[in-house]
1. Which pairs turn up if I take residues in the range 77-89 that are small (Gly, Ala, Ser) and look for partners that are within 14 Å of ligand 1 (Cβ to nearest atom) with beta carbon separation below 8 Å, at least 6 apart in sequence or on another chain?
2. When the range 111-134 is examined, which residues are found to be within 16 Å of ligand 2 (Cβ to nearest atom) and small (Gly, Ala, Ser)?
3. Which residue is nearest to Ala289 (Cα to Cα), if the candidates are limited to the range 199-241 and must be part of a strand (DSSP E or B) and open to solvent by 10 Å² or more (accessible area, probe 1.4 Å)?
4. Out of the residues in the range 152-197 that are assigned to a strand (DSSP E or B) and either open to solvent by 20 Å² or more (accessible area, probe 1.4 Å) or farther than 17 Å from Leu249 by Cα (or both), which is farthest from ligand 1 (Cβ to nearest atom)?
5. For the range 125-137, name all the residues that are in contact (Cβ under 8 Å) with a residue 24 or more places away in the chain, open to solvent by 40 Å² or more (accessible area, probe 1.4 Å) and part of a loop (DSSP other than H, G, I, E, B).
6. Determine whether Ala88 is within 16 Å of ligand 2 (Cβ to nearest atom) and among the small types (Gly, Ala, Ser).
7. Can you name the residue in the range 94-124 that is in contact (Cβ under 8 Å) with a residue 40 or more places away in the chain and among the acidic types (Asp, Glu) and is also farthest from Gly60 (Cα to Cα) among such residues?
8. Quickly run through the range 77-88 and pick out the residues that are open to solvent by 10 Å² or more (accessible area, probe 1.4 Å) and farther than 20 Å from Gly46 by Cβ.
Amino acid sequence: MHPRLALAALYLLLPAACLHAASGDLTAWFIDVEGGQSTLFLTPAGQSVLIDTGFPGNNGRDADRIVAAAKDAGIKQIDYLLITHFHADHVGGVPALAERLPIRNFIDHGDTVEHTPAGQKLYDDYRKETAKGNHIVVKPGDKLPIQGLDWTIVSAAGKVIGKPLPEAGKANPFCAAFKPKDADPTENAQSTGSVIALGRFRAVDLGDLTWNKEADLMCPNNKVGQVDLYIVSHHGLDISGSPALVHALRPKVAIMDNGEHKGGTVEAWDTIRQSPGILDIWQLHFSAAGGKDHNASEKMIANMSADHDAGNYLKLIAHSDGHFEVTNPRTGFTKKY
Ligand SMILES: [Zn+2]
Ligand SMILES: [Zn+2]
């Protein structure tokens with residue numbers, strides 16, 4: 001058979017998911033879990049990576065929303081689940097999700113630092129699920145074994161990378177005005193942070209990493225470099241998202257996983273809005289705290305107050321040349337960057 005015909009025949013035999021993934025793009029769904037985090041990635045090779053799972057309870061609300069995004073992605077399992085830290089709004093949804101979709105690999109920072117009864121229960125419930133799959137404990141500097149992406153862990157278990165990433169490491173002028181806050185003894189400061197790159201496209205996700213750890217990562221030298229997308233730390237609460245972090249990252253776009261009444265603070269929003277090079281902030285919810293002056297334009301907000309519990313996601317498609325686009329399925333609005 002002519003080689004080109006053989007290739008055509010091969011394509012006909014590939015399942016639909018593979019054809020979908022053959023685009024070479026990285027697609028991400030920013031799932032509304034009402035002020036927690038859950039972000040699904042579909043890689044160019046068709047692998048799925050989920051960062052966090054939202055809350056427990058609510059009749060599996062957050063797990064159902066992840067399943068809805070998985071359906072849009074055309075995937076039938078989670079290949080890698082990365083849990084940033086052991087708080088209810090990130091790890092709480094794992095048991096309900098595991099009832100709905102197989103989870104193959106679990107990635108986290110190791111033991112919880114919160115041994116209260118509630119903290120321990122969250123952790124123990126999670127560990128029951130990791131026992132059924134493969135469990136990977138990461139440390140800063142590790143790379144996840146994900147085909148076609150360069151996925152680097154930059155923070156975990158209270159530590160950050162010692163050396164700058166390639167092409168990073170410049171002195172950070174925004175450290176001069178940095179003022180530390182009280183030490184954070186919670187799981188937030190333990191958050192596993194990632195730099196996710198597809199060719200020239202770069203995104204950063206630091207979970208709920210708090211203020212002082214941001215300085216460990218970014219001061220006096222910026223060990224991360226610049227990014228196209230900043231997945232806003234800690235839902236836009238003002239104990240994360242310092243100018244030393246955000247302004248040095250110099251994101252083009254920020255996507256904030258705030259709830260209507262969680263995160264989306266004026267302080268965090270202003271810091272992003274004042275960041276050099278920022279083009280837009282997209283939000284999972286209208287923020288009540290932000291009011292009329294500190295919210296994105298309605299077409300860039302996935303859920304307005306009136307759509308209570310609609311659970312709309314935002315979707316991003318990134319190309320290896322660094323261009324990307326964000327879509328708000330609620331409004332049908334897409335913007336290219
Ligand atoms: Zn959180
Ligand atoms: Zn947290």
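The values are calculated or read from the model by the stated rules, or taken from the named source; none is laboratory data. Predicted model only: the values in this text are computed from it and were never measured. For neighbour counting, all protein chains shown are included, and Cβ atoms are generated from backbone atoms with ideal geometry for every residue, glycine included. To get the accessible areas, we keep the full protein, side chains included, count just its heavy atoms, and leave off ligands, DNA and RNA. Shrake-Rupley method; radii C 1.70, N 1.55, O 1.52, S 1.80 Å.
1. That search, which allows pairs on different chains as well, returns Ala88/Gly36; Ala88/Phe55; Ala88/Pro56; Ala88/Leu122.
2. Matches in the range 111-134: Ala118, Gly119.
3. In the first step, residues of the range 199-241 are kept if they are part of a strand (DSSP E or B); the result is 201-205, 221, 229-231.
Applying the additional criterion that residues be open to solvent by 10 Å² or more (accessible area, probe 1.4 Å) yields 202, 221.
Numbers: Arg202: 30, Asn221: 33 Å.
For the range 199-241, the residue satisfying everything is Arg202.
4. Just the residues of the range 152-197 that are assigned to a strand (DSSP E or B), to begin with: 152-156, 159-160, 171, 193-197.
Filter once more, keeping what is either open to solvent by 20 Å² or more (accessible area, probe 1.4 Å) or farther than 17 Å from Leu249 by Cα (or both): 156, 159-160, 171.
Values: Ala156: 16, Lys159: 20, Val160: 19, Ala171: 31 Å.
Step by step, filter the range 152-197, then rank; the result is Ala171.
5. Lys132
6. Numbers: within 16 Å of ligand 2 (Cβ to nearest atom): yes; among the small types (Gly, Ala, Ser): yes.
Yes.
7. Glu114
8. Going through the range 77-88, the residues open to solvent by 10 Å² or more (accessible area, probe 1.4 Å) turn out to be 77, 79-80, 87-88.
Result: His87, Ala88.
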